[in-house]
Amino acid sequence: MNTTFGENLRTTVFGQSHADAIGCTIEGLPAGESISVDALQAFMARRAPGGRLATQRKEPDTPEILCGMVEGVTCGAPLAAIIRNTNQRSQDYKAIADLPRPSHADLPAEVKYQGHQDVRGGGAFSGRLTAPITLAGGIALQILERRGIRISAHLLSVGTAEDRPMNPMGENPEDLQKRLSRGLPVLTDDAEARMTEAILAARKAGDSIGAVIECMIEGLPCGLGGPLFEGFDGKLAFGLFGIPGVKGVEFGRGFEASRMKGSENNDPWEISPDAPGAKPRTNNAGGIAGGITTAAPVVFRIAMKPTPSIALAQETISISRRENAELGVRGRHDPCIGVRAVPVAEAVAALAVLDSLLSGPAVLPQTLERPSIPTLGKISNE
Ligand SMILES: Cc1cc2nc3c(=O)[nH]c(=O)nc-3n(C[C@H](O)[C@H](O)[C@H](O)COP(=O)(O)O)c2cc1C
Ligand SMILES: C=C(O[C@@H]1CC(C(=O)O)=C[C@@H](OP(=O)(O)O)[C@H]1O)C(=O)O
């Protein structure tokens, strides 16, 4: 399996849902970055299971950083971290080993790995693997935040219940944080009530429900990305499709732009006092043109499918008997994976941004910075 994301900042995720632990390594992290483990834990708690709108599996999701930092500061060496799995109930997967769940990875994984894959809890395909993604992304976010880059996501819709879209030219940061820190990450009270109702109704019916997440990256410089396969949108989309359950990614007006005229969709340039000296007056492009960031906020949306594991009877096959069969999934499952995937989208965005920032300038400066020995050497573990 290849579970690495990024070229300059390489995050590799490992583990299975019911193994002893899951975790990640991060290569290419810049040295000298102070990381608050408390803030990291708080970010990861937004994704962690629990509560009436999520799976009942109880996991504290405590990050244990094994190396790569000295006294809370990154040291330039690869960082490795684990999250222990503490609440597995592998007996829930006895039936599933023979009766693959429709729309989960069970059957294609059985064929690809010839029965050697870990079936328990979805193994390496589980949404649980988004915990280490959130760990790595949470570290990247802290590095970006101190450079004025803000990443915020919300549930734009759950089923047919809709929140208001974000303003693509930017949101007031304090107001946004206040709004997003309610029970469900949404911008309006009305959306919170209607989405909660839709999720609880789906759960009660033994069913599940899909969602759309909208995310905005503010404070980016113009110039990240490049043409063709170097596009910042391509990098982001690649990372976002790594989140289990993502079925669509769109930037700016996305598919809606295909129904517009050029005169409606174009974002006019205007002179601006801010770097780089010009900015688009509208942001239908979602902050990216020619694969390169324009300095307008990057805005993207991801479509999250409804959770495949549902209690309602489903048609499947019996692998051992080679005949059609029926399955109603028992066990602990999210009625709407979109809810907990909101911070995961932010985490992937942070990893993509930091990876791009670390790629270096396209034009080499005439004079190279020549670092010297710092005045005070640091001796730790004394
Ligand atoms: C945060 C999160 C939680 C998830 N929880 C569940 C779950 O409880 N039950 C389930 O069947 N799928 C869950 N999923 C989705 C499956 O992992 C996913 O549908 C499966 O791996 C197949 O991948 P695909 O949907 O991308 O094809 C979750 C995904 C995420 C991101
Ligand atoms: C544990 C998490 O979510 C799990 C994601 C998941 C799946 O198939 O994706 C299936 C369930 O696993 P289990 O049957 O072991 O409870 C969820 O609980 C998590 O996200 O931390």
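If you filter region 21-33 down to residues that are without any contact (Cβ under 8 Å) to a residue 60 or more places away in the chain and in a strand (DSSP E or B), you find that the one that is surrounded by the fewest Cβ atoms within 10 Å (Cβ to Cβ) is GLU27. In region 34-51, of all residues being in contact with a helix residue (DSSP H, G or I) (Cβ under 7 Å, 6 or more places away or on another chain) and either among the basic types (Lys, Arg) or over 30 Å from THR307 (Cα atoms) (or both), the one that is surrounded by the fewest Cβ atoms within 10 Å (Cβ to Cβ) corresponds to SER36.
Residues are listed down the side, and each one gets a yes or a no for (1) among the basic types (Lys, Arg); (2) under 23 Å from ARG332 (Cα atoms); (3) modelled with pLDDT under 95; (4) touching a Ser or Thr at 6+ places or on another chain (Cβ under 6 Å):
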{"site": "THR4", "(1), (2), (3), (4)": "no, no, no, yes"}
{"site": "THR12", "(1), (2), (3), (4)": "no, no, no, yes"}
{"site": "ALA19", "(1), (2), (3), (4)": "no, yes, no, no"}
{"site": "PRO30", "(1), (2), (3), (4)": "no, no, no, no"}
{"site": "SER34", "(1), (2), (3), (4)": "no, no, no, no"}
{"site": "ALA39", "(1), (2), (3), (4)": "no, no, no, no"}
{"site": "ALA42", "(1), (2), (3), (4)": "no, no, no, no"}
{"site": "ALA48", "(1), (2), (3), (4)": "no, yes, no, no"}
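Would you confirm whether any residue within region 143-155 is assigned to a loop (DSSP other than H, G, I, E, B), in contact with a helix residue (DSSP H, G or I) (Cβ under 8 Å, 6 or more places away or on another chain) and of a type outside the set (Ser, Thr, Tyr)?
Yes, region 143-155 has at least one match.
From the list PHE255, PHE241, which residue is more than 18 Å from the chain's Cα centre (by Cα) and without any contact (Cβ under 8 Å) to a residue 12 or more places away in the chain? Talk me through it step by step, then tell me what you get.
On the way: PHE241 fails: more than 18 Å from the chain's Cα centre (by Cα).
Exactly one residue qualifies, and that residue is PHE255.
For the structure I just gave you, tell me whether ALA80 is near ligand 2 (Cβ under 9 Å from one of its atoms) and at pLDDT 95 or above. Steps first, please.
On the way: near ligand 2 (Cβ under 9 Å from one of its atoms): no; at pLDDT 95 or above: yes.
No: the conditions fail for ALA80.
Looking at ILE26, is it within 19 Å of the chain's Cα centre (by Cα) and within 16 Å of ligand 1 (Cβ to nearest atom)? No, not satisfied. Does ARG164 satisfy the condition of being within 16 Å of ligand 2 (Cβ to nearest atom) and among the charged types (D, E, K, R)? For ARG164, the condition - within 16 Å of ligand 2 (Cβ to nearest atom) and among the charged types (D, E, K, R) - is not met.
Taking the criterion of being within 16 Å of ligand 1 (Cβ to nearest atom), surrounded by fewer than 24 Cβ atoms within 10 Å (Cβ to Cβ) and not aliphatic (A, V, I, L, M), the residues of region 122-153 that qualify are GLY123, PHE125, SER126, GLY127. Please find, among GLN114, GLN88, the residue that is within 28 Å of ARG330 (Cα to Cα) and surrounded by fewer than 16 Cβ atoms within 10 Å (Cβ to Cβ). Just one listed residue meets the conditions, GLN114. Tell me yes or no: at least one residue of region 305-321 is exposed (fewer than 10 other Cβ atoms within 10 Å of the Cβ), free of Cβ contacts under 8 Å to residues at least 24 places away in the same chain and away from ligand 1 (no atom under 16 Å from the Cβ). For region 305-321, residues exposed (fewer than 10 other Cβ atoms within 10 Å of the Cβ), free of Cβ contacts under 8 Å to residues at least 24 places away in the same chain and away from ligand 1 (no atom under 16 Å from the Cβ): absent. Each residue in region 32-57 was checked for being within 14 Å of ligand 2 (Cβ to nearest atom), within 27 Å of GLY68 (Cα to Cα) and small (Gly, Ala, Ser), and 2 of them qualify.
Selection within region 270-316: residues that are within 30 Å of ARG330 (Cβ to Cβ) and in a strand (DSSP E or B). The member of this set that is nearest to ligand 2 (Cβ to nearest atom) is MET304.
Looking only at residues that are among the aromatic types (Phe, Trp, Tyr) and over 16 Å from GLN314 (Cβ atoms) in region 90-139, which one is nearest to ligand 2 (Cβ to nearest atom)? For region 90-139, the residue satisfying everything is PHE125. Restricting the first member to region 45-74 and to residues that are without any contact (Cβ under 8 Å) to a residue 24 or more places away in the chain, and the second to residues that are more than 16 Å from ligand 2 (Cβ to nearest atom) and assigned to a loop (DSSP other than H, G, I, E, B), the beta-carbon pairs closer than 9 Å and six or more apart or on different chains are GLY51/GLY183; CYS67/CYS75; CYS67/ALA77; CYS67/PRO78. Among the candidates GLY231, GLY223, GLY245, the residue that is within 16 Å of ligand 2 (Cβ to nearest atom), modelled with pLDDT of 95 or more and in contact with a strand residue (DSSP E or B) (Cβ under 8 Å, 6 or more places away or on another chain) is uniquely GLY245.
Scanning region 322-334 for residues that are within 11 Å of ligand 1 (Cβ to nearest atom), farther than 30 Å from ALA237 by Cα and modelled with pLDDT of 95 or more returns a single hit, VAL329.
Candidates are the residues of region 322-335 that are touching an Asp or Glu at 6+ places or on another chain (Cβ under 9 Å) and either part of a strand (DSSP E or B) or at negative phi (or both); the one that is surrounded by the most Cβ atoms within 10 Å (Cβ to Cβ) is PRO335. Counting only residues that are aliphatic (A, V, I, L, M) and more than 12 Å from ligand 1 (Cβ to nearest atom), region 81-118 holds 7 of them.
Looking only at region 229-269, count how many residues are outside any helix (DSSP H, G or I), among the aromatic types (Phe, Trp, Tyr) and under 21 Å from MET169 (Cβ atoms). Step through it out loud before you land on a result.
The first filter runs over region 229-269 and keeps only residues outside any helix (DSSP H, G or I), leaving 231, 241-253, 260-261, 266-269.
From what is left, the residues that are among the aromatic types (Phe, Trp, Tyr) are 241, 251, 269.
From what is left, the residues that are under 21 Å from MET169 (Cβ atoms) are 251, 269.
Residues that pass the stated criteria total 2.
The values are calculated or read from the model by the stated rules, or taken from the named source; none is laboratory data. Here the structure is a predicted model, which means the values were calculated and not measured. Positions of Cβ are backbone-derived with ideal geometry, glycine not excepted, and every protein chain shown enters the neighbour counts.
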